[in-house]
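Asker: Please see the structure below; I have some questions.
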């Protein structure tokens with residue numbers, strides 16, 4: 001389940017992948033320690049430890065009061081070896097680029113709203129480098145990262161960097177032409193083009209142009225891989241990589257996530273209130289963790305009022321009264337986690353629509369009937385059921401992994417909205433209307449309505465967070481108003 005990732009391993013693997021893939025060239029500078037902390041949502045001590053490890057392994061050089069510099073760690077890199085490495089990952093790379101075409105346009109258009117690109121940090125120098133060296137794809141990437149950081153939602157830039165780390169774009173732009181004859185320099189987005197698209201204008205037009213560009217890039221990657229297979233016949237494909245994007249990046253403790261999942265199952269009556277939960281050893285096997293981790297999760301569940309442990313008998317599921325649950329939430333919830341939940345809702349509001357347009361046509365009448373039956377169960381959360389069904393029908397593995405991670409985290413924010421029975425009823429009614437649209441074959445209306453549900457949940461969760469948790473910074477998490 002990915003629970004064992006740490007902040008150190010997340011940042012170390014990310015930076016190392018950017019260096020070894022050729023994305024960060026020898027002599028280029030990393031972000032400053034402060035910027036690395038902001039982008040990756042980690043502490044200064046973690047950054048210092050990762051930089052020290054990369055230096056010890058010969059990947060970077062460190063200097064006092066300066067950003068780390070990538071070392072010439074490969075003397076005379078072998079393009080053929082790089083081609084074989086990329087070719088071995090062909091079954092993972094094509095879906096990755098197709099996922100980028102689904103996800104990035106919405107995030108970039110949203111981040112560009114009300115943002116003057118020329119005001120981004122270090123905007124001038126990359127543009128000058130672009131004109132002098134013709135290295136436009138790197139400059140465009142730097143521009144996008146800066147824009148997504150400026151959005152205020154750390155999930156946007158985190159995901160973009162994860163795409164960069166896994167995509168081997170440097171190879172496709174700079175090295176694969178030797179073997180395929182294809183030139184990516186006119187295909188990959190350039191800084192001046194990206195600036196022209198994202199500056200002003202109609203958001204829908206921006207979205208369409210970005211979508212077309214990233215789809216074109218994905219198609220060229222697929223064509224390049226076909227030609228590489230001809231140039232290097234017999235190169236075995238690795239098992240398809242599982243795309244990993246850990247939103248919490250080691251900060252969200254394993255037992256915390258298990259407790260939230262158990263709470264969700266109790267609320268949805270998967271575990272009936274008054275009945276015993278599975279034994280500790282059974283839960284440990286189910287979640288792939290130790291028994292001590294399960295005990296910590298059950299202890300938290302008990303403090304929140306969702307369970308009671310009886311000596312030598314087991315743990316009983318409970319459904320607490322709302323006032324008691326709210327008091328427990330206020331005592332147990334970290335403000336940083338609350339902000340992360342709001343960020344995940346904002347992310348879902350932007351990305352669920354294009355994902356729904358892909359997956360909804362694959363939902364059968366049987367799926368709709370099953371959803372209808374689940375909606376009538378006590379304690380049902382129809383929005384969760386709809387999204388879970390969509391995720392099961394998504395063919396793009398990376399997209400499914402991304403949405404699953406964000407969906408799981410947003411469940412907590414979704415729960416917060418159910419402190420008001422009136423609001424719970426309105427969201428459930430909206431979710432029921434989604435099923436009507438789906439059964440009528442109105443896929444676009446269904447996708448728009450699903451995004452609208454997440455916008456409504458974000459509005460409610462943000463209001464709840466400000467009023468009950470007195471978290472003023474939550475006001476800055478804007479509800480997307482895009483109609484793309």
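Asker: Mind checking which residues of the range 200-229 are in contact (Cβ under 8 Å) with a residue 60 or more places away in the chain and under 15 Å from residue 83 (Cβ atoms)?
Answerer: Once the filter is applied, which keeps residues that are in contact (Cβ under 8 Å) with a residue 60 or more places away in the chain and under 15 Å from residue 83 (Cβ atoms), the range 200-229 yields 221, 225, 228, 229.
Asker: Moving to a separate point now. Using the structure shown, decide if residue 438 is buried (at least 22 other Cβ atoms within 10 Å of the Cβ) and assigned by TED's automatic domain parsing to the domain that holds residue 375.
Answerer: yes
Asker: If the requirement is being within 22 Å of the chain's Cα centre (by Cα) and either surrounded by fewer than 18 Cβ atoms within 10 Å (Cβ to Cβ) or modelled with pLDDT of 85 or more (or both), which of these qualifies: 39, 47?
Answerer: Unique residue meeting the criteria: 47.
Asker: Moving on to the next point. Could you check residue 294 against (1) free of Cβ contacts under 8 Å to residues at least 24 places away in the same chain; (2) surrounded by 22 or more Cβ atoms within 10 Å (Cβ to Cβ) and say which number it fails?
Answerer: If we test residue 294 against (1) free of Cβ contacts under 8 Å to residues at least 24 places away in the same chain; (2) surrounded by 22 or more Cβ atoms within 10 Å (Cβ to Cβ), just (1) comes out false.
Asker: Here are some conditions: (1) surrounded by fewer than 19 Cβ atoms within 10 Å (Cβ to Cβ); (2) in contact (Cβ under 8 Å) with a residue 40 or more places away in the chain; (3) more than 27 Å from residue 172 (Cβ to Cβ). Residue 232 meets all but one. Which one does it not meet?
Answerer: (3)
Asker: Give me the pairs: first residue in the range 467-481 and part of a helix (DSSP H, G or I), second residue at pLDDT 90 or above, beta-carbon distance under 7 Å, and six or more apart or on different chains, which are they?
Answerer: Every condition considered, the pairs that remain are 474/342.
Asker: Counting just the residues of the range 61-84 that are part of a helix (DSSP H, G or I) and crowded, with 19+ Cβ neighbours inside 10 Å, which one comes out modelled with the lowest pLDDT?
Answerer: 82
Asker: If the requirement is being modelled with pLDDT of 85 or more, closer than 23 Å to residue 401 by Cα, in a helix (DSSP H, G or I) and more than 24 Å from the chain's Cα centre (by Cα), which of these qualifies: 108, 93, 87?
Answerer: 87
Asker: Still on this structure, please answer the following. Is it true that residue 293 is within 30 Å of residue 197 (Cβ to Cβ), in contact with a helix residue (DSSP H, G or I) (Cβ under 8 Å, 6 or more places away or on another chain) and either modelled with pLDDT of 80 or more or not in a helix (DSSP H, G or I) (or both)?
Answerer: For residue 293, the condition - within 30 Å of residue 197 (Cβ to Cβ), in contact with a helix residue (DSSP H, G or I) (Cβ under 8 Å, 6 or more places away or on another chain) and either modelled with pLDDT of 80 or more or not in a helix (DSSP H, G or I) (or both) - is not met.
Asker: Only residues that are in contact with a helix residue (DSSP H, G or I) (Cβ under 8 Å, 6 or more places away or on another chain) and either free of Cβ contacts under 8 Å to residues at least 40 places away in the same chain or surrounded by fewer than 23 Cβ atoms within 10 Å (Cβ to Cβ) (or both): list them for the range 172-182, please.
Answerer: 173, 175, 178, 179, 180, 181, 182
The values are calculated or read from the model by the stated rules, or taken from the named source; none is laboratory data. The structure presented is a predicted model; accordingly, all values stated were derived computationally and were not measured. Cβ coordinates were reconstructed from backbone atoms using ideal geometry, including for glycine residues, and neighbour counts include every protein chain displayed.
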